[in-house]
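Quick notes on the structure that follows.
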Ligand SMILES: *Cc1c(COP(=O)(O)O)cnc(C)c1O
């Protein structure tokens, strides 16, 4: 039996999402833009989905744009705010050093176009403080973008407070809520959000579909031209099966946020306690202000990639960080941002649980990781140097 502990990379679809999709892969095949009855049946379903998604986050249906996922929503949110800023002579953007690459790479692109970007320090616990945002805002700031929950270390950012500061200063605020949606409460009004991204495959919906919420009055510039779909904000025939699956998955996840959080927090803390017993290990990110599903550790003297392969042999699917950085030799930019040095950042392990994870599985993970770390250390020349005193331990 496999133990899947990589739910921050993607999740298994829930039966409700699959069931909601089936008629749209079969019977209801119309194009929502068609004026005939077959098209109108699809258009009605699309309108229904838009209204239900809006209800899940406290938005109006007109504020919901369907996208191909979180990356597209992040790109469009940031590029739209930048375009508007440019028109107003404001070319300064504030973000953090540990955003997802969909945000950071978009900001890099804007920097090459002449924008100034301030990346806020996230401190060792992986949390940005609202006053840092306040102090960084300038006359010419056209966007603040801070993620709701980090995808590698799970830390939860004070977005409501940051949103309030931005609102008071008249600066649009975007949050990448891809890791949070369906797992933490979202209310765009109460949380002072202007722009928000979410992605279905992170909450047991299908891949390749997501949402960009844009508050009424915040203009969106299309990334894709060619049609009047999504009120001209995103051209292309809507992926209706995926949208219906996403809608069912989000409704289900939102209805279970509290009970899932209770179940997962207990498992997470059991896992953290178990792994903390491994000598020279450290938990990455705040122990409390983190997603109920996220555990991220560094183990001194080992390579995260080797640990992953050993765990996979034992039937445990985990990650060393984000799926995008896996496969490259650079250590995680998130771990570097919270102050881990290169050698330590290389020995990282992210375990992300789901509602289906059991206590027995957590015990199994603790046993397997403990064994694998000990085994890798036995073979490691770095470990020999550390234990012989030739090198000093960084993690005590
Ligand atoms: C997964 C993820 C994304 C990208 O979403 P896709 O739908 O896979 O494009 C963006 N931001 C965060 C925080 C993520 O975890």
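Summary table below
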| read-out | value |
| --- | --- |
| Along each principal axis, Cα extent of the range 187-344, largest first, Å | 58, 37, 33 |
| Over 17 Å [Cα-Cα, the range 102-142], rounded percent | 43 percent |
| Distribution of pairwise C-alpha distances over the range 179-234, 10 Å bins, in % | 20, 43, 33, 3 |
| Gaussian network model of the chain, springs between alpha carbon atoms under 10 Å - residue of 156, 28, 338 with greatest fluctuation | 28 |
| Selected from 108, 135, 300 as most flexible by GNM, with the chain as the system and alpha-carbon contacts under 10 Å | 135 |
| Globularity ratio of the range 331-378, using Cα Rg and 2.2 N^0.38 Å | 1.42 |
| Reciprocal mean inverse distance between Cα atoms of the range 169-267 - Kirkwood radius, Å | 14.9 Å |
| GNM result for the chain, Cα springs below 10 Å: residue of 268, 231, 50 fluctuating most strongly | 231 |
| Sites residue 55 and residue 160 - FRET efficiency at Förster radius 22 Å, r taken between beta-carbons, to 0.05 | 0.65 |
| Isotropic mean projected area of the C-alpha convex hull, the range 228-276 (nm²) | 5.7 nm² |
| Whole-Å semi-axes of the range 52-99's equivalent ellipsoid (Cα gyration tensor) | 24, 15, 11 |
| Residues 80, 255, 197, sorted so that the one with the fewest Cβ neighbours within 10 Å comes first | 255, 80, 197 |
| Under the Debye formula (equal points on every Cα, no solvent term), log10 I(q)/I(0) of the range 7-84 at q = 0.22, 0.23 Å⁻¹ | -1.21, -1.22 |
| Value at 222 nm in deg cm²/dmol, rounded to 500, when DSSP H runs of n ≥ 4 in the chain each add -39,500 (n - 2.57) | -12500 deg cm²/dmol |
| Residue exposure sequence - 147, 13, 21, 246 - by fewest surrounding Cβ within 10 Å | 13, 21, 147, 246 |
| Inter-part distance where the range 22-36 and the range 331-396 are each reduced to a Cα centre, Å | 50 Å |
| Additional length obtainable on full extension of the chain from residue 109 to residue 44, 0.36 nm per residue less Cα span | 19.6 nm |
| Rg/Rg_globular for the range 93-226, with Rg_globular taken as 2.2 N^0.38 Å and Rg from C-alpha atoms | 1.02 |
| FRET efficiency for residue 385 and residue 358, using Cβ-Cβ distance with R0 set to 41 Å, rounded to 0.05 | 0.55 |
| Modelled FRET efficiency - R0 35 Å, residue 273 with residue 342, Cβ distances, 0.05 increments | 0.80 |
| With eigenvalues of the C-alpha gyration tensor scaled by 5 and rooted, the range 40-157, Å | 29, 19, 13 |
| Principal axes of the chain: Cα extent on each, largest first, Å | 75, 52, 33 |
| Burial ordering of 237, 155, fewest other beta-carbon atoms within 10 Å first | 237, 155 |
| Cα gyration tensor of the range 289-396 - equivalent ellipsoid semi-axes, whole Å, descending | 23, 17, 13 |
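A short reminder: the numbers here are calculations on the coordinates, not readings from a lab. Just so it is clear, the model here is predicted, and its values are computed rather than measured. Cβ sites come from the backbone with ideal geometry, for glycine too, and all protein chains shown count toward neighbours.
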